[in-house]
Each structure stands twice: as structure tokens, then as C-alpha cells.
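Here the structure comes first, spelled out in C-alpha cells, and everything after it is commentary.
The values are calculated or read from the model by the stated rules, or taken from the named source; none is laboratory data. Every value quoted in this text rests on a predicted model; they were computed, and no experiment measured them. Cβ placement follows ideal geometry from the backbone for every residue including glycine, while neighbour counts extend to all protein chains displayed.
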Amino acid sequence: MGDRDPDGGSLAPAALGEAGAVVPFVLPASRFVLLGLCAASFAVARFGSPRQCAGYAIAGCLTVAAVFATSSQHAKRELRQATEAAFPALEIHDLAMTPMPANPTCWEGFVAGEQGGIYQVIRASVALAPLSAERCTAGDDVVPTAPVVPVSRATHGGVRFHTVYRAPIRELRALAASDCRFGAILYFTRLPYFTAVRGAVRYAGDLRYDRVPGMDFSDIELPAKPTTDGCPRWVPGWRRPRAELFQQ
């Protein structure tokens, strides 16, 4: 990977720096809302009838699900529009969104796509009104194992672009064909990555869960030389999440 973005932006060095201080994942407004809901729940449970308790619980569950489902669709639209504006040559295959705890206005988003034979995964944060882009800290603390590079793009509405992972699709296909363990995890990884050989191994996993330089729960070690020895026995037959990358 070079130090220039083919779309014209500049790329900083691969090192992202230290994680720094603890990130306040839950904003003060969310804390007050949660405290208020807890107080209301206690009052209903303590003084309400069984029918009222049941109705309150059902209404609360449906409301939370509806709020986050609606916000997710809105965040996806914002991220897609921003990506199309900032990376016009990128063919978008998938958008993956994760909300911050108790906060339907702040999302961490991933855009998977390809451009010129290069597989790319862009990490961004998406702030929905009334939250400003600067107040949405989703992904700010991530220092992954994957060889990502910071990407320079202007903030688009509530969308801030953070990093991008790039790998030639031909190398992805070759590794999947030559190493059965990597081929197996592709049935479970929505946003797969792999690294160059480091010492005697290389690393692979899912970028959604790759958040620290060490091993996350979804990361695996692969031998420096791909092998078909010791292959996983129980590999599902469903379609790979990123099957479009393997279509010739």
C-alpha cells in the first residue's frame, strides 16, 4: 500500500498512534435518558398493575427497536451518499453499521467495495441530527491489526471518514484457494482482511471486530506458507458474505 490515495486524497502513515485516554462512549444526554427510563421502569414495576407492567415492557421494547431500526436506515443512507461523493469510482458492495451504546444518533459504519481490482473497506463515523459529526466518537479508539491507513476526506454532513483497508482481489482469491483455513473463515467474515507475513505467520479476520493490534476474538493466525493441512471439518455450505469478490 502506498502513501497516496488513488482518488486524489493524501494518506497518512499506517500507524494510527496510541489509543490515548478512555473514550466517553455514552454521552451525557444518553446517560440522563437512561436514568430517566430506569426511574420510570422502577415506578411502573413498583406501583403498576401486572397489566400496566406488561404493557410498559412491550411498548418499551418495540419503541427501542423501532428507533434503532429507523436510525440505522437513515445512517446507511447518509454513509452511502457521503461515500459516493468522496469516492466516486468505488463500486459499493455492502454497508455495515453499529450504533454507539444507548445512542441511536452515533454510528460506526463500514463500506465494502472494489475499485480497479482492489478490495477496499472504509471505516467512518456517522452522526445523525441533532448530534454534530465532531461529537460522534464511534471508531476513534480503534487501532486494528489490519494494515489500514488514515484517509483524508472532508466531513460530509455528519459523516467522518477514518481509515481504509486495501488488498488486491487477486491476492484475496489466491489465499482463499491455497489456505483452507482462510477459505473457511470467509464463510463467517462479512468484512474480511488479511495481513502480510509477520515473522512466521500472517493474520486474518473481520474488520468489524478488529479493534486492537493484538488478537481479537474473530482473528486467526495463518502460517506464512499457505497449506491445506489441518483443514476445518465443519464448513457450512451457505454463500460467502463477500462472494462477489470471487466471481471470475
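The set of residues in the range 105-130 that are more than 13 Å from the chain's Cα centre (by Cα) and of a type in the set (Phe, Trp, Tyr) contains only Tyr119. Among the residues of the range 188-214, just one is of a type in the set (Phe, Trp, Tyr), crowded, with 17+ Cβ neighbours inside 10 Å and within 12 Å of Arg242 (Cβ to Cβ), namely Tyr193. Val143 satisfies every condition listed in (1) within 20 Å of Phe68 (Cβ to Cβ); (2) touching a Leu at 6+ places or on another chain (Cβ under 6 Å); (3) surrounded by fewer than 20 Cβ atoms within 10 Å (Cβ to Cβ) except (1).
Among the residues of the range 82-92, is there at least one that is within 24 Å of Leu207 (Cα to Cα), modelled with pLDDT of 80 or more, touching a Pro at 6+ places or on another chain (Cβ under 9 Å) and in a loop (DSSP other than H, G, I, E, B)? Yes, the conditions are met somewhere in the range 82-92.
Hey, among Phe217, Phe182, which residue is surrounded by 12 or more Cβ atoms within 10 Å (Cβ to Cβ) and out of contact with any His (no Cβ under 6 Å at 6 or more places or on another chain)? Just a single option satisfies the conditions, and that option is Phe182. Scanning the range 232-248 for residues that are modelled with pLDDT under 90 and either hydrophobic (A, V, I, L, M, F, W, C) or in contact with a helix residue (DSSP H, G or I) (Cβ under 7 Å, 6 or more places away or on another chain) (or both) yields Pro232, Trp234, Val235, Phe246. The residues in the range 180-214 that are without any contact (Cβ under 8 Å) to a residue 60 or more places away in the chain, of a type in the set (D, E, K, R) and outside any strand (DSSP E or B) can be counted, and the count is 1.
Table: residues versus (1) small (Gly, Ala, Ser); (2) under 15 Å from Arg166 (Cβ atoms); (3) not in a strand (DSSP E or B).
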| residue | (1), (2), (3) |
| --- | --- |
| Ala69 | yes, no, yes |
| Arg80 | no, no, yes |
| Gly109 | yes, no, no |
| Pro130 | no, no, yes |
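The residue list Val164, Val143 contains one member that is of a type in the set (Val, Ile, Thr) and not in a loop (DSSP other than H, G, I, E, B), which is Val164. The residue that is nearest to Ala177 (Cα to Cα), counting only those in the range 215-248 that are part of a helix (DSSP H, G or I) and in contact (Cβ under 8 Å) with a residue 60 or more places away in the chain, is Phe246. Is it the case that Ala174 is at pLDDT below 90, over 13 Å from the mean Cα position of the chain (by Cα) and not in a strand (DSSP E or B)? For Ala174, the condition - at pLDDT below 90, over 13 Å from the mean Cα position of the chain (by Cα) and not in a strand (DSSP E or B) - is not met. Check the range 53-71 and report whether any residue there is of a type outside the set (Phe, Trp, Tyr), in contact (Cβ under 8 Å) with a residue 40 or more places away in the chain and surrounded by 12 or more Cβ atoms within 10 Å (Cβ to Cβ). Looking through the range 53-71, at least one residue is of a type outside the set (Phe, Trp, Tyr), in contact (Cβ under 8 Å) with a residue 40 or more places away in the chain and surrounded by 12 or more Cβ atoms within 10 Å (Cβ to Cβ).
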